[in-house]
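K.L.:
Structure in structure tokens, see below.
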Amino acid sequence: MEEFSGAIWLTKGNEVIYSKANGYANRAEGLPNVVNTRFGIASGCKLFTSIAICQLVEKGILSFQTRLRDCLDINFPNFDERITIHHLLTHTSGIPDYFNEEIMADYEDLWKARPTYLMKSPKDFLPMFQDNDMMFNPGEKFHYNNAGFIILGLIIEQQTGREFTDYVQSEIFRPCRMESSGYFSLDSLPKNTAYGYIDNKKDGTWRTNIFSIPVTGGADGGAFITAPEMIRLWEGLLNYELLGEANTNALFNPHVQVKDHVFYGYGLWINKRENNIFKYHVMGYDPGVSFHSAVYPDLGLKLVVLSNKGSGAYEVISEIESFI
């Protein structure tokens, strides 16, 4: 396994039982990663979008069965009118995605014709999928879909009158004391933030991911967090600080089966062992980013693995899970 670059944080109850950092946050300056370095988490922050939607449901602004056409004033000429919030949250809407992993192998290919520095808000993604045809009927099957979460971000903006990132910052990060977390522009990263690195294994060279992913994260991915603050996010959810019990349960409910023993809730994955919940987890991968974080309810464990390389987090979490 190649050398891990990132941070690992494991807790049991309120006790930190393992923490470690390795590699460099800034290779050019020789600045090392530390356990509270900020890392990008790519699609891991779909959980934040889902929490925000559940908060609007809790306030009575939306329901999980609200239809897309009834809560967003944007025209999608070829979309099925039956699409609901629930379909979008569970990747079962059937809408076209702007990045279809079944036909595209490299996320960087998206930005050859569309500069990454123009991608700053959910509406900037609309031309990439808005007029395309449905892939399948709503509710027919699970198909991981980034565009569905872009739409959820647009719904949050319309229903609250606020920018998506501002809403998440004030209604999710602040209550969980996630003071270091945020949606930072790649061309102006704050102090103690890891650059994402893409290695060329053929010649040993490397580059940052500034031209490989959208310049600012949003509803489908791209936030920056620290390992301890991800733990606080899990605790905020589990202690009903962000949502009441009913909507927290809705978030964690295994709504759709993805494959054997693997399910999807609202913005998170659920793995079972012998019909019992083994873990709730989120993950994210982008060029220069890999991330996994999990809660193991029966074991009382919470784990965060953050990396500023495109691989490494999965290998670490798999190694840890081989002992539990």
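The values are calculated or read from the model by the stated rules, or taken from the named source; none is laboratory data. Everything numeric here is computed off the predicted structure, so don't read it as measured data. Here the Cβ is made from the backbone with ideal geometry for all residues, glycine too, and neighbour counts use every protein chain on show.
K.L.:
Which of the following residues is of a type outside the set (Ser, Thr, Tyr) and surrounded by 21 or more Cβ atoms within 10 Å (Cβ to Cβ): Lys279, Lys272? Don't jump to the end; show me each part of the working.
P.N.:
Values: Lys272 fails: surrounded by 21 or more Cβ atoms within 10 Å (Cβ to Cβ).
So the residue among Lys279, Lys272 that is of a type outside the set (Ser, Thr, Tyr) and surrounded by 21 or more Cβ atoms within 10 Å (Cβ to Cβ) is Lys279.
K.L.:
Within the range 17-26, which residues are surrounded by 15 or more Cβ atoms within 10 Å (Cβ to Cβ) and more than 15 Å from Leu306 (Cβ to Cβ)?
P.N.:
Across the range 17-26, the qualifying residue is only Asn26.
K.L.:
Report whether or not Thr193 is modelled with pLDDT of 95 or more, of a type outside the set (Phe, Trp, Tyr), more than 17 Å from the chain's Cα centre (by Cα) and surrounded by 15 or more Cβ atoms within 10 Å (Cβ to Cβ).
P.N.:
Values: modelled with pLDDT of 95 or more: yes; of a type outside the set (Phe, Trp, Tyr): yes; more than 17 Å from the chain's Cα centre (by Cα): yes; surrounded by 15 or more Cβ atoms within 10 Å (Cβ to Cβ): yes.
Yes, satisfied.
K.L.:
I've got another one for you. Please specify each residue of the range 39-88 satisfying the condition of being under 22 Å from the mean Cα position of the chain (by Cα) and of a type in the set (Phe, Trp, Tyr).
P.N.:
Phe39, Phe48, Phe64, listed by residue number.
K.L.:
Here is a follow-up. So for the range 260-270 (the condition being under 26 Å from Leu31 (Cα atoms) and in contact (Cβ under 8 Å) with a residue 40 or more places away in the chain), does at least one residue qualify?
P.N.:
Kept after step one, since they are under 26 Å from Leu31 (Cα atoms), are these residues of the range 260-270: none.
Among the residues of the range 260-270, not one is under 26 Å from Leu31 (Cα atoms) and in contact (Cβ under 8 Å) with a residue 40 or more places away in the chain, which makes the answer no.
K.L.:
Now for a separate question. Taking the criterion of being part of a loop (DSSP other than H, G, I, E, B), among the aromatic types (Phe, Trp, Tyr), in contact (Cβ under 8 Å) with a residue 12 or more places away in the chain and within 24 Å of Leu268 (Cβ to Cβ), would at least one residue in the range 155-171 satisfy it?
P.N.:
So in the range 155-171, the residues part of a loop (DSSP other than H, G, I, E, B) come out as 161-163.
Filter once more, keeping what is among the aromatic types (Phe, Trp, Tyr): none.
No, there is no match, as no residue in the range 155-171 is part of a loop (DSSP other than H, G, I, E, B), among the aromatic types (Phe, Trp, Tyr), in contact (Cβ under 8 Å) with a residue 12 or more places away in the chain and within 24 Å of Leu268 (Cβ to Cβ).
K.L.:
Next question, about the same structure. Report yes if some residue within the range 290-307 is out of contact with any helix residue (DSSP H, G or I) (no Cβ under 9 Å at 6 or more places or on another chain) and surrounded by 21 or more Cβ atoms within 10 Å (Cβ to Cβ); otherwise report no.
P.N.:
There is no residue in the range 290-307 that is out of contact with any helix residue (DSSP H, G or I) (no Cβ under 9 Å at 6 or more places or on another chain) and surrounded by 21 or more Cβ atoms within 10 Å (Cβ to Cβ).
K.L.:
Taking the condition of being touching a Phe, Trp or Tyr at 6+ places or on another chain (Cβ under 9 Å) and either assigned to a helix (DSSP H, G or I) or β-branched (Val, Ile, Thr) (or both), how many residues in the range 128-150 meet it?
P.N.:
Matching residues across the range 128-150 total 4.
K.L.:
Further question: Output the qualifying pairs, or none if there are none: Cβ atoms under 6 angstrom, residues six or more apart or on different chains, first residue in the range 186-205 and on the phi > 0 side of the Ramachandran plot and outside any strand (DSSP E or B), second residue crowded, with 19+ Cβ neighbours inside 10 Å and acidic (Asp, Glu).
P.N.:
none
K.L.:
Here's a follow-up. Given the conditions (1) modelled with pLDDT of 95 or more; (2) of a type in the set (A, V, I, L, M); (3) surrounded by 16 or more Cβ atoms within 10 Å (Cβ to Cβ), which single one is not true for Met128?
P.N.:
Tallying (1) modelled with pLDDT of 95 or more; (2) of a type in the set (A, V, I, L, M); (3) surrounded by 16 or more Cβ atoms within 10 Å (Cβ to Cβ), Met128 fails exactly one: (1).
Table: residues versus (1) within 20 Å of Glu163 (Cβ to Cβ); (2) at pLDDT 95 or above; (3) out of contact with any Cys (no Cβ under 7 Å at 6 or more places or on another chain); (4) surrounded by 19 or more Cβ atoms within 10 Å (Cβ to Cβ).
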position	(1), (2), (3), (4)
Ile53	yes, yes, yes, yes
Arg67	no, yes, yes, no
Asn75	no, yes, yes, no
His86	no, yes, yes, yes
Phe99	no, no, yes, no
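K.L.:
Which one is modelled with the highest pLDDT among residues in the range 103-122 that are over 17 Å from Asp220 (Cβ atoms) and either part of a loop (DSSP other than H, G, I, E, B) or of a type in the set (A, V, I, L, M, F, W, C) (or both)?
P.N.:
Among residues in the range 103-122 that are over 17 Å from Asp220 (Cβ atoms) and either part of a loop (DSSP other than H, G, I, E, B) or of a type in the set (A, V, I, L, M, F, W, C) (or both), the one modelled with the highest pLDDT is Pro115.
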